[in-house]
Amino acid sequence: MKQKNGNSHGAGESSVSMVFSDNALLPMLFGENDAHLAKIEKRFHVSASSRGNVLALTGGKAGVEAGKAVLESLYADLKKGGEVGAPQVDAAIRMLAGEDEGHTLFGGQEQVVIKTMKKAIKPYSLHQANYIRLLGANDLVFALGPAGTGKTYLAVAMAVSMFISGRAEKIILSRPAVEAGEKLGFLPGDLKEKVDPYLRPLYDALYDMIPGEKLLRHMENGEIEVAPLAFMRGRTFSNAFVILDEAQNTTPTQMKMFLTRMGEHSRMVVTGDLTQTDLPKDVKSGLGDAVRKVEAIEGIGVVRFTDADVVRHQLAAKIIQAYDEWDRKKRTPLRPEA
């Protein structure tokens, strides 16, 4: 791809021409009916026009530079055989928009990627990029925030990456089966059939990163374990990557039990959404309690995602925002009439 800088077209306005060498990639880069270009135009307040393999961007200097950077990143992914759809475009825009708004990445701007057996996983937001760096740098990481922000998925990806590279000998994934009160006797089936529905999202993430036959083999020989939190009591985890998911549904006692299982050469990740606690109203969440008590300890990382980091369907973020706004209104006392 070649670039031609244009002259300013007015006060504060500039343009740039981008020349793409592979015409076959342009339909995927621009999107159906130029949908991807339309997103870039709207977010960065620029106009885009194409003729053949030349694309011209016009607008404010900052917007033109940001739009150009997004297109360069997406085009580079396409040349490597990557996919560029709406999620990838949204992610590239989100990353550039975050930088424009003054947010920074821990440790610099270099590309952050997690390599698993089936795919390489890139961050879709600045908070995700920061999270990946924290996972690599700390023995214990807390990830807080709403569903759909990648808290669990990225933690599992890092666990798989460290496992295949030999930095972890074992992966242990756990959740509190709080919906059944960890008293599963009334559910049909054997113990595995009783608890598997609560652990299904963890299995799904593993299957997305490890070929099925290899995953089953690793699980059969105990190298990868998925189990309810109740099964963690009395154990010590050494040379392991351990993830506690949905941790907002732990009690302070359960959380302390889990955190003190850490052994030599182990890493732990604790994820959860404090707004989605399923505990009884009079029971304090162990996740919030633990973060308050240990956040300042060296070697512990904490990342807080927001609804702006939701990478599922765009309606998911809007639904979370609507619920948050409703909760804020309920907490705000009405002013007495004069």
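A few points about this structure:
- Within region 37-48, residues that are touching a residue at least 24 places away in the same chain (Cβ under 8 Å) sit with their Cβ atoms under 9 Å from residues that are assigned to a strand (DSSP E or B) and open to solvent by 50 Å² or more (accessible area, probe 1.4 Å), at 6+ positions apart or across chains, in these pairs: Glu41/Ser47.
- Region 125-171 - residue that is under 15 Å from Ala205 (Cβ atoms) and not in a helix (DSSP H, G or I) and, of those, most open to solvent (accessible area, probe 1.4 Å): Ala147
- Here is the figure for region 29-45: residues that are over 20 Å from Gly82 (Cα atoms), among the charged types (D, E, K, R), out of contact with any helix residue (DSSP H, G or I) (no Cβ under 6 Å at 6 or more places or on another chain) and open to solvent by 70 Å² or more (accessible area, probe 1.4 Å) total 1.
- Selection from region 260-293 of residues that are polar (S, T, N, Q), touching a helix residue (DSSP H, G or I) at 6+ places or on another chain (Cβ under 7 Å) and under 24 Å from Trp326 (Cβ atoms): Gln276, Thr277, Ser285
- Residue in region 90-105 that is surrounded by fewer than 19 Cβ atoms within 10 Å (Cβ to Cβ), within 18 Å of Asp77 (Cα to Cα) and at pLDDT 80 or above present: yes
- Of the residues making up region 222-236, those that are assigned to a strand (DSSP E or B) and at pLDDT below 90 are Val226, Ala227, Pro228.
- Subset of region 184-205 [touching a strand residue (DSSP E or B) at 6+ places or on another chain (Cβ under 6 Å) and either at pLDDT below 60 or exposed (fewer than 13 other Cβ atoms within 10 Å of the Cβ) (or both)]: Val195
- Pair list, Cβ under 7 Å, 6 or more apart: region 285-314 residue under 16 Å from Val270 (Cα atoms), other residue outside any loop (DSSP other than H, G, I, E, B) and charged (D, E, K, R): Phe305/Lys151
- Residues (assigned to a strand (DSSP E or B) and farther than 22 Å from Leu274 by Cα) located in region 237-255: Phe237, Ala240, Phe241
- Selection of region 51-60 for residues being surrounded by 14 or more Cβ atoms within 10 Å (Cβ to Cβ) and at pLDDT 90 or above yields Leu55, Ala56, Leu57, Thr58, Gly59, Gly60.
- The residue of region 206-251 that is most open to solvent (accessible area, probe 1.4 Å), among those that are under 29 Å from Lys122 (Cα atoms) and of a type in the set (Phe, Trp, Tyr), is Tyr207.
The values are calculated or read from the model by the stated rules, or taken from the named source; none is laboratory data. Predicted, not measured: the structure shown is a model, and the values here were computed from it. All Cβ positions, even for glycine, are placed from backbone atoms using ideal geometry, and neighbour counts span all protein chains on display. Note: areas computed on protein heavy atoms with side chains; ligands, DNA, RNA excluded. Shrake-Rupley method; radii C 1.70, N 1.55, O 1.52, S 1.80 Å.
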